[in-house]
Amino acid sequence: MTKIRAERFSPADELDGPAEGEDMTGSAPAVALRFAYDPALVILLKSIFRTVRYRRSGRGRPVSSIPLVGGWSDRSECWWVRSKFWPEVRQLLLDEGITLVGPAAHPRRRKIGFFERLEVWDEEACVWR
């Protein structure tokens, strides 16, 4: 069984991980994916990144204007996924039978008064709320 630990990505320095903003020097919120090296899983992850990126381009935007969904961080030695793409990437990983663990892996059920609701993904904070 393949297991991936999903947690908030903390860049090693200002040049690590996804960038955003006009000058592309600001760090974008992302999820870190950590797992024991498995070539088949790396191929699957890259395929999922391409799939998500091309799905977004179907909305009349050229693929070149869609930011990278994720990538490898040499400095942090993990894969990262942009926070805004995480719910979609997460679902595709689950559909492939991958086990996800860690704080960013799954939403929890929260009880609010008499009601229970499932947490939703907060892109900016990169957490389930």
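The values are calculated or read from the model by the stated rules, or taken from the named source; none is laboratory data. None of these values were measured; they are calculated from a predicted model. Cβ: placed from backbone, ideal geometry, glycine included. Neighbour counts: every protein chain shown.
Let me spell it out: the conditions are (1) of a type in the set (A, V, I, L, M, F, W, C); (2) assigned to a loop (DSSP other than H, G, I, E, B); (3) touching a helix residue (DSSP H, G or I) at 6+ places or on another chain (Cβ under 6 Å), and residue 104 meets all of them except one. Which number is the exception?
That leaves (3) as the condition not met.
Assess whether residue 88 counts as being in contact with a helix residue (DSSP H, G or I) (Cβ under 6 Å, 6 or more places away or on another chain) and of a type in the set (D, E, K, R).
For residue 88, the condition - in contact with a helix residue (DSSP H, G or I) (Cβ under 6 Å, 6 or more places away or on another chain) and of a type in the set (D, E, K, R) - is met.
In the stretch 49-92, how many residues are part of a loop (DSSP other than H, G, I, E, B) and over 10 Å from the mean Cα position of the chain (by Cα)?
The total comes to 12.
For residues in the stretch 75-101 being farther than 17 Å from residue 17 by Cβ and not aliphatic (A, V, I, L, M), which is surrounded by the most Cβ atoms within 10 Å (Cβ to Cβ)?
90
Just a yes or no: is a residue in the stretch 54-63 crowded, with 16+ Cβ neighbours inside 10 Å, modelled with pLDDT under 95 and out of contact with any Cys (no Cβ under 6 Å at 6 or more places or on another chain)?
The answer is yes, given that some residue of the stretch 54-63 is crowded, with 16+ Cβ neighbours inside 10 Å, modelled with pLDDT under 95 and out of contact with any Cys (no Cβ under 6 Å at 6 or more places or on another chain).
Which of the residues belonging to the stretch 1-18 are farther than 12 Å from residue 80 by Cα and either without any contact (Cβ under 8 Å) to a residue 24 or more places away in the chain or part of a loop (DSSP other than H, G, I, E, B) (or both)?
1, 2, 12, 13, 14, 15 - these are the residues of the stretch 1-18 that are farther than 12 Å from residue 80 by Cα and either without any contact (Cβ under 8 Å) to a residue 24 or more places away in the chain or part of a loop (DSSP other than H, G, I, E, B) (or both).
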